[in-house]
Each structure stands twice: as structure tokens, then as C-alpha cells.
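Step one of this worksheet: look at the structure below.
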Amino acid sequence: MGESKWYWAILDGWAMSIRSLKHIFREAESLLMAVGLPVAIMIMFVYVFGGAIQTGTDYVNYVVPGVIITCVGFGSSIIALSVTQDMVGGLFERFRTMPLLPSSLMVGHVFGGFVRNVIATTVAILVAFLIGFRPEAGWLEWLGVIGVLTLFMLSISWVFVVFGLLVKSVEAANAITFPMLFLPYLSSAFVPTETMPSWLHAFAENQPMTPLIETLRGLLLGTPIGHNHWLMIAWFGGLLIVSMIVATFLFKHRKSE
Amino acid sequence: MTEPVISVKNIKKNFGKKTVLDGLQFEVAKGSIFALLGENGAGKTTMVRILSTLIQADSGVATIGGYDTNRESASVKKLISLTGQYAAVDELLTGEENLLMMGRLNHLDRQTVKKRTAELLEQFDLKEAAKKRAQSYSGGMRRRLDIAISLIANPQVIFLDEPTTGLDPRSRKNMWNMIQRLAESGVTIFLTTQYLEEADQLADKIAVISRGKIVEEGTATELKRLVGEEKIEFTFADLPSCQKALDLLGGQIDVNEMSITITTESSPENIRQLLNMLYESSIHPASFIFRKPTLDDVFMEITSDHKKGAVVNG
């Protein structure tokens, strides 16, 4: 039985992923939002604020990792919406009365978010190259970048699966995606943290986004990484495991009343 | 009675301090239509949620096909399907895609999924809309798709939680026909409803639930017999007359309609006597009608407060 249980879990996860893929292209607005927003932010920072921000390097090179993080984070947070929609719409109710492994259902949502993110991130990086982004990374560093982004994407996705299961309406799910959009601003993503007031500086230095961005910057531009990559792995690896467990628990026990 | 497929013994459920189910007990025969009839908040949905393994009862035992809904929920899940109050369809997928996906999630093989999908689209009159997204469906179509989805894996027991709430009269009639056809195919149907007419039309057996208790159980005919064969209803111009008539003749009072309903024989002699009694007490009814009992009468009678305790258990 053990073997066939996993066999079905994978097939169920696949069936749900196919569904999420269809959703991506049928929900044109959220795809457009996921692609358009980071590009708009990048252009605004590079051309509008960029001239005034001193980072010691070419600003476009400084800001692109931050924009990618914003893009991925926001893209992952949209998962909360699709999860809440399923819950409010009664679909989860039906799934819970079926002989299914709950996690395979959420795998579908995470996979859908993943694909949407890959599309959005690729577009963002291409636009970055067009406006003068010149990283020094070799193929090994690029592999590292992909690994870092994948870990970040997965952990944020599962965190937002949890949020999606916790809120009671689609509007509320929409609202909780906003902090994710703004969290990168309170890190070294767009400006060096030394320029912030001391209390904010302390927060920015210690929130998970900063080691993530410093790792990314290190890989792309060759700036010193220090122990940031370990911090980053601890933060997001931990978040991933905890939120997967919490999500499975919530799915089993939450009553959508 | 043939072997029961659903058996519920002394089920209790509290939400916080509120008692929602207070010792429910009933059995549902295999292949029959069973209706749980009650007002909003009577506990119908809670019972369905317990039977469909979504929540656990605080005490008592419920079994489906011999499996405990709590301890053997995995086996129960293979026998049942639930159609909740809100159509659980994927709006962005087409009707056909919804069925295909659910077939796959029910672990049917590819050929069977295709075959069942085609059958169900045909059976539920959704063939033309098969390639359209569910978000463009009307309420009735959505409900049909919802039920079609719940049938894809050939469940033995189907739970329909208020299947016609929010449907227009025509769609409701269609739904009734569909439920009857389903029952003919041999599945057991457990439905909840707040419409007495619906229970009357469909159910082989009806249990009336009020405040978490089954207050009456039987066939529609049995329930109607409980409140007598025929009824006479007097309507008055004002409430005091209505109250006086109630004191004099007994029966059920409807304060809003300013009427009383009495169970009586339909002989002319009987009516003459009643009218004379009213006349002698100077109570003048505005109108009266004579009618066969409906399930509404049953419902009013057994759920009304002052009649409580006088319920005969058949």
C-alpha cells in the first residue's frame, strides 16, 4: 500500500499542476500583473530614482537582484489567492471527502505559481539586460542563482499557501500579498541599509530578505557574500519545512465556516 | 427494511457552548432516498459534514457501509461523494475539464475517465456547454455539473446538501427528476432540504430535525397521517377573535395570517357544528378553507413550542 500511496500522490499532484497551468493562462490579469509589476518597478528605480541613489556601483547592477526578489516574492504570494478561492468555493471541501493526500493538492498550486514565476522572472531579467544590466556571473554562478531563487520561491509559496488557508475571503487573501511586495524595500534591495535610520537599519539588516539579496548580488556581481548564503538557507529552508507542515495540518483540520 | 447503508447512533456535536446535534439516531436503507428536513440552523449541514468525514462528532457512532466515519474515514471516502451547498466547480476550467480532472483525482484509469465524462455530460444535459468555462454557466447548469462531478467515480452513497436552494422553479423540477433517476440506478441518496414539498416528492423516508434532534421520522404519508387526514382553516379579521377561536376550538394558530387550523372530518355536519360554535361565541371568521394536510402542517405541528412533548413517536 505504501508504494501505491506515493504513486497516486504524484499522479494527483500532476493532475492538480495541469489545472494550475491552465489557470495561469486563463487568468490573464494575474499573469500580466506578475510580469508587468517588476518590470515597471525596475524601470522606475533605474531611470527615476537611480540617478539620486549612490551605491558605489552602477545602480542598474545594484538594483536588479532586488527587483528579481520583488518579482519572485510577489509572484509567489499570489498563490494565497488561488488557495483561498478553492477553499471559499467549496472545492477543498470536496477534495477532503475524497481519498487523496492533501499535500498533492497544494503541490498543484505551488507548481502553478512556480511556472508563473519563471515566466515573470525571465522577462524581468531580459528587460534588465536591455536597460544595461551587466552581471559578471559565469554559468556556475547562474546555477547558484537559479538554486537560490528556487528555494526562495518554494518557501514563500508554501508560506502563502498557509496564509491562503488561514484567511476567510478572497479579498483578505489579496490584502496579505501586499506586505510581500513591500518587504524588499526594507532591506538592502534598493538602497544600502546604512542610509536608513538606525532602528530601521537594524530591522533591514536582520530580516531574511537582506541575506538573500546579498547572496544573489554576490553570485551575480561578485560582491562579498560572507556567511549570507548560510543565513539565507537557514531562513528559507526553515520557512519551507515549517510552512509545509502547517499547511498540511490546516488543510486536514480547517473548517471553512 | 433492507440492510442499512448509513447508520447513525446517538450522534452529538457542540460548537463551543452551542449544542448543534443532540443525540441523533437514524438508519438509511440501501438504494433509498432519505431526506433530512429542517429549518436553517437545525443541524442538517453539520450532520452531513460528520457523515462525509469532514468533521468529527463529539460522541456517538456513524457508519457508512459498515465503516466508522471517524476511525475508518479512508474506507468511507471511497464509498461516498458530497455535493455541498455551493457548487464546487473550477470556474476557469470547462465543464469537460472539470469532469476529467475529478475523474483522474478519483484514480480512475484514462479510458474510464473519458467514458464517464462523456456519459455524464450527456446525462446532465451539458454536452453543448462541455467546452465552455464553468464561469459562464447558469446556476442550474453549475449545480448539474457539480452533481455530475460527484458521480464520476460511481459512489454508493451521495450526499446532497440542499440541492435546490437558490434554483428557479423550473431548474428545481429538473433537479428532482434527476435525483429520482439517480435513485433508480441503485445509489443511496441522503439529501437535506428546508422545502417540505421537496422531501414529499423525493424521499422514501423523511426525518424532521429541529434544534439538533430528530423530532419525527417516517414516510411522507406516515407523517401526514400523524396530523390527521383533513384540515379546516379559519381566517379572522383581527387577532383577538383568532385567539378566542383558538381557545374554543383548539388547533394551530398562525399569528401572521390570523388563522387557526383544525384537524377534522370533512362532513357537512361537522362543519356546521364548528361554525355554530363560533357563532354562539360571537366570533366571526372572515373566511375558511378546507384542505388535505401538507408536510407544512406536519412541520408546524411537531416543531411548534407549545406542542412539544406531545409528539407521538411512530
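Coordinate-derived values only; no laboratory data. This structure is a prediction, so every number in the text was calculated from the model and none was measured. Here Cβ is always computed from backbone atoms with ideal geometry, including for glycine, and neighbour counts include all displayed protein chains.
Axis of helix B:95-105 versus longest Cα principal axis of chain B: the two differ by about 70°, to the nearest ten degrees. Projecting label points 7 angstrom from Cα along Cα→Cβ for A:Ile119 and B:Thr219 puts them 5.9 nm apart. Restricting the calculation to Cα atoms, the stretch A:3-57 yields a radius of gyration followed by a Dmax of 20.4, 60 Å.
Between the amide H of B:Gly212 and any residue lying 5 or more places away or on another chain, no distance stays under 5 Å, with hydrogens modeled in the peptide plane.
The DSSP beta bridges internal to the protein assembly as shown are antiparallel in roughly 65% of cases.
If a helix is a whole DSSP H run, which ones in chain A reach 30 Å or further along their own axis (Cα) and hold a mean Kyte-Doolittle hydropathy of at least 1.6? Show your work: numbers first, answer last.
Numbers: long enough: A:2-26 (36 Å, -0.19); A:102-130 (43 Å, 1.53); A:139-166 (40 Å, 2.04); A:228-253 (37 Å, 1.35).
Going by DSSP H runs, the hits are A:139-166.
Within the listed set B:Ala118, B:Ala183, B:Ala237, the residue fluctuating most in the Gaussian network model of chain B (springs between alpha-carbon atoms under 10 angstrom) is B:Ala237. Shielding of peptide B:82-92 by partners, expressed as the average count of other chain Cβ atoms within 10 Å per residue Cβ, is 6.
For B:Glu184 and A:Ile233, what is the calculated FRET efficiency with R₀ set at 51 Å and r taken between the beta-carbons, to the nearest 0.05?
Values: r = 61 Å, r/R0 = 1.20.
Result of the calculation: an efficiency of 0.25.
Short-range pairs are left out: with C-alpha atoms under 8 Å and at least six residues apart, the relative contact order of the stretch A:105-247 is 32 percent.
Rounded to the nearest 0.05, the FRET efficiency derived from the C-beta distance between A:Val246 and B:Lys173 at R0 = 41 Å is 0.30.
The mean number of partner chain beta-carbon atoms within 10 angstrom of a residue's beta-carbon across peptide A:95-106 is 5. For the stretch B:128-279, the relative contact order comes to 14 percent (Cα pairs under 8 Å, sequence separation of at least 6). Given the C-alpha centroids of the stretch A:108-144 and the stretch B:86-160, what is the distance between them in whole angstrom? If we compute the Cα centre of each part, the gap is 38 Å.
If you place +1 on the Cβ of every Lys and Arg and -1 on the Cβ of every Asp and Glu, how big does the dipole about the Cα centre of chain B come out, in debye to the nearest 20?
On the way: 39 positive and 42 negative charges, 284 e Å.
For chain B, the charge dipole is close to 1360 debye.
With the simple model of a label 7 Å out from the Cα in the direction of the Cβ, B:Glu197 to B:Phe290 spans 2.4 nm.
Pairs of alpha carbons in the protein assembly as shown separated by more than 37 Å make up 49% of all such pairs. The magnitude of the dipole of the protein assembly as shown, with charges of +1 and -1 set on the Cβ of Lys/Arg and Asp/Glu and taken from the Cα centre, is near 1160 debye.
Hey, for a label at B:Ala74 modelled as a point 7 Å past Cα toward Cβ, could you say which residues of the stretch A:6-22 have their backbone N under 16 Å away? Within reach of a label on B:Ala74, which here means backbone N under 16 Å from a point 7 Å along Cα→Cβ, the stretch A:6-22 contributes A:6-10. Per-residue mean of foreign Cβ neighbours for B:49-56 is 3 (Cβ atoms of other chains, 10 Å radius). Straight-line cross-link partners of B:Lys30 among the lysines, defined as a Cα under 22 Å from its Cα and at least 8 positions apart when in the same chain: B:Lys9, B:Lys44, B:Lys77, B:Lys78, B:Lys205. Projected label points at A:Glu194 and A:Ala52, each 7 Å from Cα along the beta carbon direction, are separated by 2.1 nanometres. If you find the alpha carbon centre of the stretch A:55-71 and of the stretch A:162-181, how far apart are they in angstrom? One Cα centre to the other: 27 Å.
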